[in-house]
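Asks: One structure coming up, written as C-alpha cells, with questions to follow.
Each reported figure results from applying straightforward, stated rules to the coordinates on display, with no laboratory input. Keep in mind that what you see is a predicted model, and the values were worked out from it rather than measured. So basically every Cβ, Gly included, is an ideal-geometry build from the backbone, and we count neighbours across all protein chains shown.
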Amino acid sequence: MNRTGTLLALALTTTVALTACSSSDGGDSAARSDEGASSAERLEDRSGSAESPQAAPSEGADEGAGGSSGSAEGAPPPATPAPDPSTVIATGTIDLVADDVAETRRDVQRLADETGGRVASEETTTDRDGVMDGSRLELQVPSATFDDTMAAVEDVAATASSTRSLEDVGTEIVDTEARIRAQEQSLTRIEALLAEAEDLTELVAIESELTSRQAALDSLTSQLDYLQDATSYSTITVYVERTDEAAVDEADDDEDRGGFLGGLADGWDGLSGTLGALAVALGLLLPWVLLLAAISLPLAWGLRRLRRRRATAVTTGTDRPGPDLPAHPGRP
C-alpha cells in the first residue's frame, strides 16, 4: 500500500514538473514572438516614414490619373486627322442623262478647260442617222479642284449616279523616296569600287551589279513619277447617255416615215445625196479643167496660126511662074 502511494506521488510530481517546463517554454517563445513583432513594426514604421514623401505624390498622381481617365472616358474620342491632299489619289465617276448628248459633251469639255484640266480620252457613239447618242469622257483635273469639278459636272445635266474614291499613298511615296536614296548611295559605292578594280573578273562583276542596281533605280524613279502625277491630277470619268424619251421620239419618227411620204422623203434624200456627190466631183475637177484650158487654148491658137501661114505660103508658090518657064506655055 505504501509502495503504491509512493509511485503515485512520484508520477504526480513528474507531471507537474513537465507542465511547468512547457509553460515556461511557451512564455519564452511568446515573448520572443512579441519581440520579433515589435521589431518588425519598428522596421515597417521606418520604411513607411522613409517612403511616405514619395508615396504621397504617387497617390496624388494615381488620383490624378484616375481623374484624367475618368474625364477621358467621358470625352469623345479624338478625330482621325485628314490625309494630306498632296498624297491622295482621287477618282470619280459620273453618269449623266441628257436629251442632247453633243451639247452636254461640249459643256463637260468647257468645264475641264476652265479648271485647268484636260480630256485624256474620249469615246462617242451615234445612231444610224448619225446623231450622237452616247459619250464617255475621261477628265484629268488638278487635285485641288477635284470636289468643285465633280459638283460642276453633276450640274451640267441630270445625274443618274455619282461615285468618288480617295486613296492615300503618302506612305508609299515616302517609302519609294527612301528606297531611291538607298539605291543612289549604293550606286555611288559601286562606282567607287569600279574605279578601284584592277582584275578583269572583278571589273565584269562590278559592272553587272552596277547595271542591275541602275535598272532598279530607274524602276523606282518611274514609280515615284507615277505617284506624283496621280496625286497632282485627279481622274473623273463622265458617261453621257441620251434620255429614253428622246430615243422613243426618234423611233416614232422613223416609224412615221413609212408609205408614200416615207418613200418620197427617202427619194428626196437620195437625190440630195446624188447632187451633193456631183457637186463634190465638180469642185474636185474644176481646178484641173481650168488648168488644162489655160494650157491648151494658147497652144491651139498657136497651132492654128502656124497652119494658116503654111497654107498661105503654099498657095503663093503655086501661082508664081518659074524663071525658066514661059508666062503662057500655050503661046510661042
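Asks: Express the relative contact order of the stretch 171-231 as a whole percentage, based on alpha carbon pairs under 8 Å and six or more residues apart in sequence.
Replies: 49 percent
Asks: Show me the ranking of peptides 112-120, 295-303, 190-198 by mean Cβ neighbours inside 10 Å, starting with the highest.
Replies: For the peptides 112-120, 295-303, 190-198, the packing ranking is 112-120, 190-198, 295-303.
Asks: Right, next: Quick one: net charge around Thr125, please, counting Lys, Arg +1 and Asp, Glu -1 for every other residue with C-beta under 13 Å from its C-beta.
Replies: In short, -2.
Asks: Let me ask something additional. Counting other beta carbons within 10 Å of each Cβ, put Leu286, Leu137, Leu111 in order, fewest first.
Replies: Ranked by crowding around the Cβ, least crowded first: Leu286, Leu111, Leu137.
Asks: Under 14 Å from the Cβ of Thr211, count the other residues' Cβ atoms, weight Lys and Arg +1, Asp and Glu -1, and hand me the total.
Replies: That sum, taken over residues with Cβ under 14 Å, equals -3.
Asks: Tell me the net charge near Leu220. Cut-off is 14 Å between Cβ atoms, Leu220 excluded, with +1 for each Lys or Arg and -1 for each Asp or Glu.
Replies: Spelling it out: positives minus negatives among the neighbours equals -3.
Asks: Using a 10 Å cut-off around each Cβ, can you sort Leu203, Leu278 from fewest to most neighbouring Cβ atoms?
Replies: Fewest to most other Cβ atoms nearby, the residues stand as Leu278, Leu203.
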